[in-house]
Amino acid sequence: MDANYRVRFLEIIGLEQQDNCYLLTCCFHIEGEVSKFTLNIDQFTYENLLKIVKNKDDLKYRLSFTGINNQDKNNYETTVVTYIKNNSIKDQFLCSPEFHATLSHLKSIYNIKDLESFLQSNNLGTIEVTSTQDKIEKKEINRCKPDAKKLVENNILQKNRYILPGVLCIIVFLTMSYYIVGQAKLKPVVSDPVQDSDIEITSKKMDHGQLDASQEEVPSRNIKNPFVVNSSKISRLPKGYVALTFDDGPTKYTKKVVDILVHYNVGGTFFFIGAYIDEFPDYVKYTYDYGFEIGNHSHSHVLLTLLSQEEQQAEIKKTNESIKEILDHEVTLFRPPYGAQNHITDTILQQKNMRSILWNRDPEDWYWQAPTALLNYVIETDSDGAIYLFHERPNTVEALPLIIEYLLEEGLTIVTLI
C-alpha cells in the first residue's frame, strides 16, 4: 500500500519488555522517508497491544493516530489494522491517556526533523532515519524515562490554543445567522469555493484521462449498491457498509465526482442546495441518470433551528420542487445544514415522508486544503459502518479515487442511500 499512496502511516514493528520498561518499536512512513523509532509505553497499553500484535513474518500492523475517549474509565480506545496477505482485520484496544497524547502529537508531525525533536524533548526513545537513498542516522535518547506529565500537558496546551478562536467563530456565526433570519428574503449562506489545491496525489489504478462518463451513452438508471434507509433519522450504517455523501452541490465539481464514482462502480449520495439547482440543472440530471441518489440540503443553507415552521417548510419545499421539476422524482432524503434540526424539522419531514441523513465521520474537507489530509483521515478512522460527510471541493475530487480504493481494499461495500 505504501507504494501506491503518498501518505503518513504508523507501522508497528514489535513489542518488547526490558526489566520495568515496555517498548513499542514503530516505523513512521512520511513522504518517501521511513523513521524507525522505539517508544517507552506504559504497562497497561503494552499488555493490551500484546493481545493483538504477534511476532510473525506474514503479518503487518498499522496503528491509528486517532483515539476515542472513554471518560468514565479514564482511558482511550484506538485501532490496530492487521494485514494478512490480501486481507485486513481491525482490532480496538484500550490505551492510557499518555499513550493517546503521544499519538495525538505524532498525528501532527509531517517531517523527520519534527519527529526527532518530539521524541528527544519528551525522552521517549531511539530513532533511526532511513531516507529514499537508504542513509541511516541513529540518535540515542533515554528509552526508559518518558516525561508523561509533560507530554499530556503539551497535548492540552496544543488543544487549548484553538478554544478562543473557536468561541469567536461561534459568536460570529450565530450573529450572522440571526441577521439572515431577519431578512425578508432568504439568501444562500455558503462559503466561496476554495481554490484548486497545488498538492498532487495520484492513484496508480485509475487513468484520469479516460474518466468521463458523459463520453458513453447514458444507461437506463441503475442505482449503485442501494441501501434502503428505514429509519426517520440515521447517522451510521451496519457493519460491512460505508456511505460517501456529498453536500453543497450542484457545483462545477459535481460531474467530476460522479465520473469517479462511475469509474469505480460504487455508490454515492448527493445533497443539493435549492438555490444552486437553477445554475446547474444538467448536473442534477447527470447525477441521477448515472444511478446516484439526490437529497435535499435546504434551499439557502440556513440554520433551520433559527427559523419558524413556515420558513422551514419553505426551505424544504422549494428544493424538493426544484429537483422534481428536473427529474420528476420524489425526494425522500434530507440533510439539515450543519446537522441542526429540531422538533419542527422532524414534523415537516414526517409529513413529507422524508428521512434525515446525518453522519458519523467528518474529514472537514471544507477546511483542509491538502488531499493527503483527507485520505489520512479515512485511513486513521474506522470506516466500517461510516457515513462520510464530504463537500464538492477540488481537494475532495483529487483525494476521492484513493479514498475509494482504500475502502474497497478494506472489503467494504460503498452504498447509495435511498
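The values are calculated or read from the model by the stated rules, or taken from the named source; none is laboratory data. In this text, all values refer to a predicted model and were calculated from it rather than measured experimentally. Note that we place each Cβ from the backbone using ideal geometry, even for glycine, and neighbour counts take in every protein chain shown.
Among the residues of the stretch 19-50, what is the count of those that are under 28 Å from the mean Cα position of the chain (by Cα) and of a type in the set (D, E, K, R)?
Summing the residues that are under 28 Å from the mean Cα position of the chain (by Cα) and of a type in the set (D, E, K, R) in the stretch 19-50 gives 3.
Just give me the residues in the stretch 291-310 being on the phi > 0 side of the Ramachandran plot and modelled with pLDDT under 95, in sequence order.
Across the stretch 291-310, the qualifying residue is only His301.
A quick yes/no check of all residues on (1) farther than 24 Å from Val258 by Cα; (2) outside any helix (DSSP H, G or I); (3) modelled with pLDDT of 95 or more:
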position	(1), (2), (3)
Gln312	yes, no, yes
Ser322	no, no, yes
Glu325	no, no, yes
Val331	no, yes, yes
Ser356	no, yes, yes
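Within the stretch 252-285, how many residues turn out to be assigned to a loop (DSSP other than H, G, I, E, B) and under 21 Å from the mean Cα position of the chain (by Cα)? Step through it out loud before you land on a result.
The first filter runs over the stretch 252-285 and keeps only residues assigned to a loop (DSSP other than H, G, I, E, B), leaving 252-253, 265-268, 273, 278-280.
When the remaining residues are screened for being under 21 Å from the mean Cα position of the chain (by Cα), the result is 253, 265-268.
Residues flagged as assigned to a loop (DSSP other than H, G, I, E, B) and under 21 Å from the mean Cα position of the chain (by Cα) within the stretch 252-285 amount to 5.
If I filter the stretch 3-17 down to residues being of a type outside the set (D, E, K, R) and either modelled with pLDDT of 90 or more or assigned to a helix (DSSP H, G or I) (or both), which single residue comes out as surrounded by the most Cβ atoms within 10 Å (Cβ to Cβ)? Walk me through it before giving the result.
Residues of the stretch 3-17 of a type outside the set (D, E, K, R): 3-5, 7, 9-10, 12-15, 17.
From what is left, the residues that are either modelled with pLDDT of 90 or more or assigned to a helix (DSSP H, G or I) (or both) are 12-15, 17.
Numbers: Ile12: 20, Ile13: 15, Gly14: 12, Leu15: 18, Gln17: 12.
By that ranking, first place goes to Ile12.
Tell me the residue from Ser104, Ser64, Ser35 that is in contact with an Asp or Glu (Cβ under 6 Å, 6 or more places away or on another chain), hydroxyl-bearing (Ser, Thr, Tyr) and modelled with pLDDT of 80 or more, please.
Values: Ser104 fails: in contact with an Asp or Glu (Cβ under 6 Å, 6 or more places away or on another chain); Ser35 fails: in contact with an Asp or Glu (Cβ under 6 Å, 6 or more places away or on another chain).
Of the residues listed, the single one that is in contact with an Asp or Glu (Cβ under 6 Å, 6 or more places away or on another chain), hydroxyl-bearing (Ser, Thr, Tyr) and modelled with pLDDT of 80 or more is Ser64.
Please go through the stretch 273-320 and pick out each residue that is acidic (Asp, Glu), touching a residue at least 12 places away in the same chain (Cβ under 8 Å) and surrounded by fewer than 22 Cβ atoms within 10 Å (Cβ to Cβ).
To start, the set of residues in the stretch 273-320 that are acidic (Asp, Glu) comprises 278-279, 282, 289, 293, 310-311, 315.
Retained after the next criterion (residues that are touching a residue at least 12 places away in the same chain (Cβ under 8 Å)): 278-279, 289, 293, 311, 315.
Passing the criteria: Asp278, Glu279, Asp289, Glu311.
Given (1) buried (at least 18 other Cβ atoms within 10 Å of the Cβ); (2) farther than 18 Å from Arg221 by Cβ; (3) in contact with a His (Cβ under 8 Å, 6 or more places away or on another chain), where does Tyr253 come up short, assuming only one miss?
Just one mismatch for Tyr253, condition (3).
Select, from Phe28, Phe93, the only residue that is farther than 21 Å from Ser383 by Cβ and at pLDDT 85 or above.
Details: Phe93 fails: farther than 21 Å from Ser383 by Cβ.
Criteria check complete, one pass: Phe28.
Pick from Val262, Val266: which is farther than 23 Å from Asp346 by Cα, at pLDDT 55 or above and touching a strand residue (DSSP E or B) at 6+ places or on another chain (Cβ under 9 Å)? Working first, answer last.
Values: Val262 fails: touching a strand residue (DSSP E or B) at 6+ places or on another chain (Cβ under 9 Å).
The match here is Val266.
State yes or no: is Gln350 over 19 Å from Thr254 (Cβ atoms), in a loop (DSSP other than H, G, I, E, B) and either touching a Lys or Arg at 6+ places or on another chain (Cβ under 7 Å) or touching a residue at least 24 places away in the same chain (Cβ under 8 Å) (or both)?
Numbers: over 19 Å from Thr254 (Cβ atoms): yes; in a loop (DSSP other than H, G, I, E, B): no; either touching a Lys or Arg at 6+ places or on another chain (Cβ under 7 Å) or touching a residue at least 24 places away in the same chain (Cβ under 8 Å) (or both): yes.
So Gln350 fails the test.
Taking Tyr367 as the residue in question, decide whether it is without any contact (Cβ under 8 Å) to a residue 12 or more places away in the chain, out of contact with any Leu (no Cβ under 6 Å at 6 or more places or on another chain), of a type in the set (Ser, Thr, Tyr) and not assigned by TED's automatic domain parsing to the domain that holds Leu103. Step through it out loud before you land on a result.
Numbers: without any contact (Cβ under 8 Å) to a residue 12 or more places away in the chain: yes; out of contact with any Leu (no Cβ under 6 Å at 6 or more places or on another chain): yes; of a type in the set (Ser, Thr, Tyr): yes; not assigned by TED's automatic domain parsing to the domain that holds Leu103: yes.
Judged against the criteria, Tyr367 is a match.
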